[in-house]
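See structure below.
The values are calculated or read from the model by the stated rules, or taken from the named source; none is laboratory data. Just so we're clear, the structure is a prediction, and the values are computed from it rather than from any experiment. With ideal geometry, Cβ positions are generated from the backbone for all residues, glycine too; neighbour counts draw on all protein chains shown.
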Amino acid sequence: MQNKNSKDYKERGIFMIKVELKDGSIIEVEEGKSILDVAKQISQGLARMAMVGKVDGEVKDLRFELNKDCKLEILTFDSIEGKKAYWHTTSHIMAQAVMRLFPDTKFAIGPAIDEGFYYDFDSSATFNDEDKEKIEAEMKKIIKEDLPIERFELPRSEAIKLMKDAGEDYKVELIEDLPEGEVLSFYKQGEFTDLCAGPHLMSTGKVKCVKLLSTSGAYWRGDEKNKMLQRIYAISFPKASLLEEHLAKLEEAKQRDHRKLGKDLELFMTHKLVGSGLPMYLPNGATVRRLLERYIQDKEIRMGYKHVYTPSLANVELYKTSGHWDHYKEDMFPVMKMDNEELVLRPMNCPHHMLIFKSKMRSYKDLPIRIGELAHVFRYEDSGTVCGIERVREMCQNDAHLFVRPDQIKDEVGKVVKLILDVYKDFGFKDYKFRLSLRDKNDKHKYFDDDEMWDKAESQLREILTELGLDFYEAEGEAAFYGPKLDVQLKSAIGHDVTVSTCQLDFLLPQRFELEYIGEDGKAHRPVVIHRAILGSSDRFISFLIEETKGVFPTWLAPTQVKILPIADSHKEYAKKVREALMLKGIRTELDDRNEKIGYKIREAQLEKVPYMLIIGNKEMENEEVGVRSHKDGDIGAMKLNEFVDKIKYEVDNKINNK
Ligand SMILES: [Zn+2]
Ligand SMILES: [Zn+2]
């Protein structure tokens with residue numbers, strides 16, 4: 001594209017450069033113009049909405065000057081990078097407000113996160129709710145002042161001096177960790193300067209609505225040996241309506257929080273004497289878990305799986321053989337020395353199943369062999385990241401290993417996918433995506449180093465997924481250390497992506513354990529292993545279900561399915577008989593025969609989220625009926641007992657969902 005004026009410009013000493021925009025169109029701008037100038041040249045509206053720009057793939061401040069032909073994407077709050085710059089700028093505003101109000105505060109780090117940002121402070125004050133209000137008010141002032149945000153660079157030594165003079169010990173430590181000769185960037189707004197890689201907005205006035213959310217303790221650099229700092233989480237938006245929407249979403253998440261519901265519904269508990277990340281299932285939670293585990297095993301048995309039990313402790317040599325010791329040690333508990341053995345708590349049970357396969361001669365006619373287990377595995381999780389039953393240190397996995405001939409891979413992966421879809425249908429899950437998780441070719445530490453084997457496994461899995469007509473996307477660096485996998489990402493009710501099911505192709509473990517079967521040709525051949533989990537871990541799956549259902553489990557999973565509520569003393573005998581009859585039919589029933597008002601009993605059963613209440617009064621007793629009330633629909637009316645049994649049995653057998 002030739003600009004007819006370019007000759008003129010050159011004569012006047014002005015050079016034009018070509019800027020390719022996101023839509024592929026190319027515009028000519030004067031060399032040295034900033035991203036903001038280009039945005040203005042496109043439209044004033046875009047310039048107002050612009051947060052940062054991406055120049056040849058790198059995110060830059062709007063003031064960044066374009067000096068050569070380039071690709072430019074102008075990013076608004078709607079993009080991830082735009083949001084991050086917006087939130088990061090707000091974190092500087094929060095730090096500035098804290099500096100004004102609590103001058104002895106030292107500043108650690110203040111990054112943007114997935115939703116909002118935080119800043120870690122070392123202050124003599126302990127920030128309470130009143131302080132948080134003051135900080136928020138001061139932030140609004142700083143926004144109003146519309147301070148320009150300026151960027152400058154310093155060589156490492158001068159940077160250290162600047163931060164030392166300011167008494168910013170944490171920043172000094174951060175700079176000292178960087179290599180000698182590095183040039184560092186700072187951002188300054190008014191009297192506040194922060195060591196920062198950026199990018200940032202042009203001025204504090206660009207930020208509109210801010211909200212401080214919560215505070216927590218955080219160790220400097222996440223290390224328990226360091227000082228505990230105060231972290232303030234906050235968020236900001238360009239529009240009040242967006243902030244309101246976000247706060248409503250947070251409230252919804254709080255209502256669905258599995259830790260809160262787990263406590264309210266007496267599903268599980270933790271105790272510091274037992275340890276962090278080691279929950280105990282109470283009878284209600286244990287019932288849900290037992291039902292889920294029976295459910296999935298029954299499905300697997302119908303598909304030809306054979307289930308085993310293997311121990312949670314293993315000799316460390318087992319994991320050296322499998323390769324876990326080299327590639328997975330950081331996630332394992334340390335070795336226990338006993339007599340002449342070194343034992344570990346297992347992080348996975350794959351090696352055990354390899355040995356079970358190897359325990360006898362296998363023929364090509366025996367394959368596929370499907371070995372399943374509800375296996376307890378142990379993973380080291382930082383005490384700061386454990387969470388309810390979602391992230392735990394001991395979990396129970398719905399695991400299986402399929403030993404197949406190479407010609408059976410496709411068929412078997414197809415069956416796994418079918419099982420996943422079948423299970424999701426039973427639970428009413430509709431919002432999910434398949435992800436093909438590949439290795440990161442450069443990470444030779446995490447991934448077993450054999451490019452040929454990886455390439456084969458990755459392309460084979462990709463081929464199968466394409467042939468199965470599955471809609472999937474690819475993600476690098478998400479594979480297991482021994483092979484690529486197909487993960488299913490479920491979208492939770494509060495918008496999080498949760499990995500539940502997985503299916504992994506493995507050429508490595510069969511080789512490390514020297515697995516063989518005798519082929520049709522009478523010679524020894526190596527099988528391929530498929531690792532798969534459908535519910536993932538029982539623990540994580542239940543936490544997901546709790547959040548999905550807000551604790552209102554479908555009738556087939558409800559810890560108590562029916563609660564019988566006699567109105568008066570004279571109804572208790574009949575109520576007991578009804579209970580016995582239901583229990584004999586396998587319906588989980590409880591009787592509330594306390595001397596409380598019926599309205600009170602109903603409210604309580606409603607809070608316990610019991611699917612059905614049976615009200616027993618004179619009329620019901622005389623007609624040998626029960627007064628049925630459902631959690632979802634309220635009063636349904638009187639029914640003969642066997643009619644009610646048929647109704648609930650139908651719901652259970654068909655796994656009717658509440659949604
Ligand atoms: Zn910063
Ligand atoms: Zn496995």
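Residue-level check: of (1) away from ligand 2 (no atom under 15 Å from the Cβ); (2) touching a Gly at 6+ places or on another chain (Cβ under 6 Å); (3) within 15 Å of residue 501 (Cα to Cα), residue 400 misses just (1).
Summed over the range 545-569, residues that are of a type in the set (Gly, Ala, Ser) and either surrounded by fewer than 23 Cβ atoms within 10 Å (Cβ to Cβ) or at pLDDT below 95 (or both) total 2.
Taking the criterion of being under 20 Å from residue 461 (Cα atoms) and in contact with a helix residue (DSSP H, G or I) (Cβ under 6 Å, 6 or more places away or on another chain), the residues of the range 489-508 that qualify are 501, 503, 505, 507. Is it the case that residue 262 is among the small types (Gly, Ala, Ser) and crowded, with 19+ Cβ neighbours inside 10 Å? Taking the combined requirement at face value, the residue satisfies it.
Only one of the numbered conditions (1) within 13 Å of ligand 1 (Cβ to nearest atom); (2) surrounded by 23 or more Cβ atoms within 10 Å (Cβ to Cβ) is not met by residue 109, and that is (2). Listed by first and then second residue, the pairs linking a residue in the range 200-229 that is closer than 30 Å to residue 177 by Cα to a residue that is hydrophobic (A, V, I, L, M, F, W, C) and surrounded by fewer than 17 Cβ atoms within 10 Å (Cβ to Cβ), with Cβ atoms under 9 Å apart and 6 or more places separating them unless they lie on different chains, are 217/228; 218/228; 219/228; 220/228.
Kindly indicate whether any position in the range 478-493 is among the hydrophobic types (A, V, I, L, M, F, W, C), part of a helix (DSSP H, G or I) and within 21 Å of residue 408 (Cα to Cα). Checked the range 478-493: no residue is among the hydrophobic types (A, V, I, L, M, F, W, C), part of a helix (DSSP H, G or I) and within 21 Å of residue 408 (Cα to Cα).
When 300, 245 are checked against the criterion of being surrounded by 13 or more Cβ atoms within 10 Å (Cβ to Cβ) and in a helix (DSSP H, G or I), 300 stands alone in meeting it. The set of residues in the range 195-233 that are within 16 Å of ligand 1 (Cβ to nearest atom) and among the basic types (Lys, Arg) comprises 206, 231.
Here the range 115-130 is the region considered, the condition is being of a type in the set (D, E, K, R) and surrounded by 10 or more Cβ atoms within 10 Å (Cβ to Cβ), and the residue that is nearest to the chain's Cα centre (by Cα) is 115.
Taken over the range 354-366, the residue count meeting the criterion of being buried (at least 20 other Cβ atoms within 10 Å of the Cβ) and either within 30 Å of residue 278 (Cβ to Cβ) or out of contact with any strand residue (DSSP E or B) (no Cβ under 6 Å at 6 or more places or on another chain) (or both) is 1. Looking across the range 369-384, the residues that are within 30 Å of residue 216 (Cβ to Cβ) and touching a strand residue (DSSP E or B) at 6+ places or on another chain (Cβ under 6 Å) come down to 377, 378, 381. Inspection of the range 583-600 identifies at least one residue that is loosely packed, with under 15 Cβ neighbours inside 10 Å, of a type in the set (A, V, I, L, M, F, W, C) and out of contact with any Cys (no Cβ under 7 Å at 6 or more places or on another chain).
Residues are listed down the side, and each one gets a yes or a no for (1) of a type outside the set (A, V, I, L, M); (2) part of a helix (DSSP H, G or I); (3) in contact with a Phe, Trp or Tyr (Cβ under 9 Å, 6 or more places away or on another chain); (4) within 16 Å of ligand 2 (Cβ to nearest atom):
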| residue | (1), (2), (3), (4) |
| --- | --- |
| 172 | no, yes, no, no |
| 205 | yes, yes, no, no |
| 216 | yes, no, yes, no |
| 224 | yes, no, no, no |
| 229 | no, no, yes, no |
| 232 | no, no, yes, no |
